[in-house]
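Chemist: Here it is: the structure, laid out below.
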Amino acid sequence: MKVRVRFAPSPTGPLHIGGVRTALYNYLFARQNGGQMILRIEDTDQTRFVPGAEQYIIEALDWLGIKFDEGVHIGGPFGPYRQSDRKPMYRQYAEQLLRDGWAYYAFDKPEALDAKRKEYEAQKRTFQYDCHTRGEMDNSLNLSADEVQRRIDSGEPYVVRFKFPENLEITVHDLIRGDVTMNSNLLDDKVLFKSDGMPTYHLANIVDDHTMEITHVIRGEEWLPSAPLHVMLYRAFGWEDTMPQFAHLPLLLKPEGNGKLSKRDGDRLGFPVFPLDWHDPKTGELSSGYRERGYVPEAVVNILALLGWNPGTEQEILSMDELIRLFDISRISKNGAKFNVEKARWFNHEYLQMKSDEEIADLFEPQLKEHNVTASREYVVRVCGMMKERINFPSELWDTCCYFFEAPTEYDPAAIKKRWKPGMTTHMAKVVEILNTVPFEYEAIHKALLDDYITANGLNMGQVMNSLRLAVVGKTVGPDMITLVMTIGKDETVKRVNRAIDVIGEPQEN
Ligand code: GLU
């Protein structure tokens, strides 16, 4: 059997990271089994259609390296891959179900359904269109064949509903949860098809999975309640022997407390819920994306892969190739997976460290431009090599490295108070003298400054070196002091120290 899986999003907005994880698991499973991965757009609900959403989905998955063999954007032998483009083929399937007694026409007007709901509410009951109530509704089960035909011919709007058999135990075999059984008496007669010729999700999904020869349906847990209907549809069509296997993935939960991770959580808690920035075409509202926040795509893949699955070892850093090799549906958790913001940052840090100094420099260039810095490429690469271990995101590069490119304009008052003690201007003048006379090499500077001056004169090492750092950086942060001096150069260091002597001056004795 050739494995064929599909990712079947509805273009109702930007793709949530839960959806991205679903796509990823499908992709890993397809690749591991030498199978095919298909992108199908499920846009039967035209009222929820959002312009730009389909393009967004394609761009996001491409950015993450989740590739397709067939799909709406690349075509393939089972096309078209957008349900609205497949519209003409669904009617025959609805008719087959009607003919075989698995479905019926329902003419109930929206007002009549509303009235029914209210009537039930008044009795503290909930109305459901099902085997208990369909006998009292305006449908073909209660009308003569002639009357049904007359209404259809006269253009009266109708829907086609699935007719669940009464009191039937329906078992869905799920690869993650095992057997899940539900009694048909609890299930509502879902609408499958409307008189405007549009199928609903349920009909289109089953017809497409069958005709596209899908072997495994890997999707979010929110679809588990629909699975008994889907199993019954396969039975009704006579397609049970080629029915795909199901795997319903656990929910992604909020970092704190319980409950499903929602669109609002991301911006509230400081991490994106979407792969790319999304500008809502209606409200103009911006929701931030991983890409624009500076996440490395490989890190996002790694983070999502481990939300609800683990390889059974301690290994956390996993490349796409390793994930493909190790992925195993039976190791997917049944419980919801909690998003961990700190961990996500850590992953990004680790993936940035795998990048070459050149690549980090590429990420830094736009910020340097913004600050009108003109430094040689070689210098930028060198600084990036030295400083990348200190960042989690490329956006932190400027704050972390700015003093390599600009002299400080102010000096941290707390550091002055703590380090810049009486006599410091004299010591700094001496530092300038040393730098101007020793060979400008690491060992030579180290010996002249630390051994022959500070230690030999019994000075406080921390105070002198931190004052030097304050003069060069503006605060007491940064890499090894002599490396820093060697990097920015003698002239620049001397200039900065002289300026600090002038600006900070000699502290008053107290
Ligand atoms: N169109 C459905 C969705 O948006 C697909 C569900 C499925 O994979 O069957 O999630």
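The values are calculated or read from the model by the stated rules, or taken from the named source; none is laboratory data. What you see is a predicted model, and the numbers here were worked out from it, not measured in a lab. We place every Cβ from the backbone using ideal geometry, glycine too, and count neighbours over all the protein chains shown. Heads up: the accessible areas ignore ligands, DNA and RNA and are worked out on the full protein's heavy atoms, side chains in. Shrake-Rupley method; radii C 1.70, N 1.55, O 1.52, S 1.80 Å.
Chemist: Before anything else, pin down the relative contact order of the chain: Cα pairs under 8 Å, at least 6 apart, normalised by residue count, whole percent.
Modeler: Reported relative contact order: 12 percent.
Chemist: Provide the per residue accessible area, probe 1.4 Å, for the range 73-112, rounded to a whole number of square angstrom. It would help to have the intermediate numbers written out before the result.
Modeler: Numbers: 2140 Å² over 40 residues.
With all protein chains present, the range 73-112 gives 53 Å² per residue.
Chemist: Another question, then. Any chance you could check the Cα centroid distance between the range 297-313 and the range 316-368 for me, in angstrom?
Modeler: With the range 297-313 and the range 316-368 each reduced to a Cα centre, they are spaced 8 Å.
Chemist: Starting from the alpha-carbon convex hull of the range 239-302, give the projected area averaged over all orientations, in nm².
Modeler: Over every viewing direction, the Cα hull of the range 239-302 projects on average to 7.5 nm².
Chemist: Can you find, among 306, 319, 337, the residue sitting farthest towards the positive end of the charge dipole of the range 295-342, where Lys and Arg contribute +1 and Asp and Glu -1 at Cβ?
Modeler: Projecting each Cα onto the dipole axis, the largest value belongs to 337.
Chemist: Plugging the Kirkwood radius over Cα pairs into Stokes-Einstein for the range 1-74, at a temperature of 20 °C and a viscosity of 1.002 mPa s, what D comes out in µm²/s?
Modeler: 172 µm²/s
Chemist: Based on the Kirkwood radius over alpha-carbon pairs, what value in µm²/s does the Stokes-Einstein equation return for the translational diffusion coefficient of the range 263-413 at 10 °C and 1.306 mPa s?
Modeler: Answer from the Stokes-Einstein relation: 90 µm²/s.
Chemist: Which residue, chosen from 366, 259, 216, occupies the Cα position most advanced towards the positive end of the dipole of the range 215-368, where the dipole is computed from +1 (Lys, Arg) and -1 (Asp, Glu) charges on Cβ about the Cα centre?
Modeler: Checking the options against the dipole of the range 215-368, the answer is 259.
Chemist: In a solvent-free Debye calculation with one equal scatterer on each Cα, what is log10 I(q)/I(0) for the range 32-74 at q = 0.20 Å⁻¹, listed in the order of the q values?
Modeler: For the requested q values the scattering log ratios are -0.71.
Chemist: Rounded, prolate or oblate: pick one for the range 193-325, where a ≥ b ≥ c are the square roots of the eigenvalues of its C-alpha gyration tensor, a/c under 1.5 means rounded, and failing that, prolate if a/b is larger than b/c, else oblate.
Modeler: The shape class here is oblate.
Chemist: Taking 7 Å along the Cα-to-C-beta vector as the label spot, tell me the residue 264-residue 377 distance in nanometres, rounded to one decimal.
Modeler: 4.9 nm
Chemist: What area, in nm² and to one decimal, does the C-alpha convex hull of the range 35-110 cast on average over all directions?
Modeler: Answer in nm², one decimal: 7.7.
Chemist: At 0.36 nm per residue, and after removing the present C-alpha to C-alpha distance, how many nm does the segment from residue 62 to residue 369 gain when stretched out fully?
Modeler: Values: separation 307, 0.36 × 307 = 110.52 nm, distance 2.83 nm.
Difference between extended and current length: 107.7 nm.
Chemist: Next question, about the same structure. Relative to the longest principal axis of the chain, what angle (0 to 90°, nearest 10) does the C-alpha long axis of helix 227-237 take?
Modeler: Taking Cα atoms only, the helix is inclined about 40 degrees.
Chemist: Lys and Arg at +1, Asp and Glu at -1: add these up for the other residues within a Cβ distance under 9 Å of residue 38 and post the number.
Modeler: +1
Chemist: How far is helix 490-504 tilted, in degrees, relative to the longest principal axis of the Cα atoms in the chain, given as a value from 0 to 90 rounded to the nearest 10?
Modeler: 80 degrees
Chemist: Could you state the per residue volume, in Å³, of the convex hull enclosing the Cα atoms of the range 330-390? Write out the running numbers ahead of the final one.
Modeler: Values: hull volume 7.1 nm³, N = 61.
Convex hull of Cα atoms, per residue: 116 Å³.
Chemist: While we're on this one: What is the distance in Å between the Cα centres of the range 461-510 and the range 229-253?
Modeler: 69 Å
Chemist: Carbon and sulfur atoms: what percent of the 1.4 Å accessible area of the chain do they account for?
Modeler: Working: 11760 of 23820 Å².
With neighbouring chains kept in place, the figure for the chain is 49 percent.
Chemist: Specify the inter-centroid distance of the range 408-458 and the range 126-164, based on alpha-carbon positions, in whole Å.
Modeler: So the separation of the two Cα centres works out to 91 Å.
Chemist: Report the charge-dipole magnitude of the chain in Debye, nearest 20, computed about the Cα centre from +1 at each Lys and Arg Cβ and -1 at each Asp and Glu Cβ.
Modeler: 620 debye
Chemist: While we're on this one: What ratio of Cα Rg to 2.2 N^0.38 Å holds for the range 416-510?
Modeler: 0.99
Chemist: Given a 1.4 angstrom probe, what's the average accessible area per residue across the range 286-394, in square angstrom?
Modeler: Dividing the accessible area of the range 286-394 by its residue count gives 50 Å².
Chemist: For the range 309-432, give the magnitude of the charge dipole about the Cα centre (Cβ charges: +1 Lys/Arg, -1 Asp/Glu; no others), in debye to the nearest 20. Don't skip to the answer; put the middle values down first.
Modeler: Details: 17 positive and 20 negative charges, 138 e Å.
Result for the range 309-432 is approximately 660 debye, rounded to the nearest 20.
Chemist: Another one. Counting only Cα, what are the radius of gyration and maximum Cα-Cα distance Dmax of the range 1-156, in Å?
Modeler: 21.0, 57
Chemist: How many Å² of accessible area per residue for the range 402-510, probe 1.4 Å?
Modeler: Normalised by residue count, the accessible surface of the range 402-510 is 50 Å².
Chemist: Using a 1.4 angstrom probe on the protein heavy atoms only, could you order 177, 219 from most to least accessible area? Provide the component values of the computation, followed by the final result.
Modeler: Values: 177 55, 219 15 Å².
Largest to smallest exposure gives the sequence 177, 219.
Chemist: Which Rg and Dmax, in Å, describe the Cα atoms of the range 154-229?
Modeler: Calculated on Cα positions, Rg and Dmax stand at 14.3, 49 Å.
Chemist: I'd like the projected area of the range 196-256, averaged over all directions, using the convex hull of its alpha carbons. Report it in nm² with one decimal.
Modeler: Here the figure is 5.5 nm², rounded to one decimal.
Chemist: Report, in listed order, any pair from 163/194; 124/260; 338/369 with a Cα-Cα distance greater than 27 Å.
Modeler: Pairs exceeding 27 Å: 124/260; 338/369.
Chemist: For residue 430, give me every one of the lysines with a C-alpha distance below 16 angstrom, ignoring sequence neighbours fewer than eight places off in its own chain.
Modeler: Result set, ordered by chain and number: 421, 447, 490, 495.
Chemist: Could you state, as a whole-number percent, how many of the C-alpha pairs of the chain are farther apart than 29 Å?
Modeler: Cα-Cα pairs in the chain separated by more than 29 Å: 64 percent.
Chemist: Near residue 67, which aspartates and glutamates are there with a Cα under 17 Å away, not counting those fewer than 8 places off in the same chain?
Modeler: Qualifying aspartates and glutamates at Cα under 17 Å: 54, 59, 298, 321, 322.
Chemist: If you fit an axis through the alpha-carbon atoms of helix 377-387 and take the longest principal axis of the Cα set of the chain, what angle between them do you get, 0 to 90°, nearest 10?
Modeler: The angle comes out at about 80 degrees.
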